[in-house]
Amino acid sequence: MEVNKILNAFNSNQNKPIKRELDKNAFLQILTVQLSNQDPLNAKDNTEYIAQMAQFSALEQMQNLNLSIEKLLSTQKLNYATNLIGKEVELKYNDTIKKIKVDSVYVAGNEIYIKSKDEKYSVSNVISVLNTKEE
């Protein structure tokens, strides 16, 4: 029936996320429409549009820089964790200080873990690396 088609169309639209922010592309589309529909005899000042475009560009570059810094930090944490393999470390776990020897490192989601025997700990729980003497 036609009612089911309408109901299905309504329900499928309900699951789509609502976009609450305008991105640079949406702004450029609005700017293009405004400029193309502008009265040539009564032209508006374009400096506001250009200033907004510059602000969007600066914002986009800051977001890109933020992503790059997050990737760098993640790589640095992983490098730190891999350097702990084979070393004895102290870590804070359940309000106690625990000494373990790090056997391996792995990543799960956004977190980096160190393993000792069958136990895993977040690398952010490490409070010190002990000086191990080689014999």
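Quick notes on this structure:
- As a summary of the residue check, S57 satisfies the conditions (1) touching a helix residue (DSSP H, G or I) at 6+ places or on another chain (Cβ under 8 Å); (2) part of a helix (DSSP H, G or I); (3) surrounded by 12 or more Cβ atoms within 10 Å (Cβ to Cβ) except for the one numbered (3).
- Among the residues of segment 86-107, just one is on the phi > 0 side of the Ramachandran plot and in contact (Cβ under 8 Å) with a residue 12 or more places away in the chain, namely G86.
- The condition (being without any contact (Cβ under 8 Å) to a residue 24 or more places away in the chain and exposed (fewer than 12 other Cβ atoms within 10 Å of the Cβ)) is satisfied by just one residue among N131, N110, N83: N131.
- Number of positions in segment 95-107 that are surrounded by fewer than 18 Cβ atoms within 10 Å (Cβ to Cβ) and over 30 Å from L67 (Cα atoms): 7
- Strands (runs of 3 or more DSSP E) fully within segment 78-124 that include at least 2 residues being out of contact with any Ser or Thr (no Cβ under 8 Å at 6 or more places or on another chain) and either at pLDDT 95 or above or of a type in the set (G, A, S) (or both): 104-108.
The values are calculated or read from the model by the stated rules, or taken from the named source; none is laboratory data. Keep in mind that what you see is a predicted model, and the values were worked out from it rather than measured. FYI the Cβ positions are ideal-geometry reconstructions off the backbone, even for glycines, and counts take in every protein chain you see.
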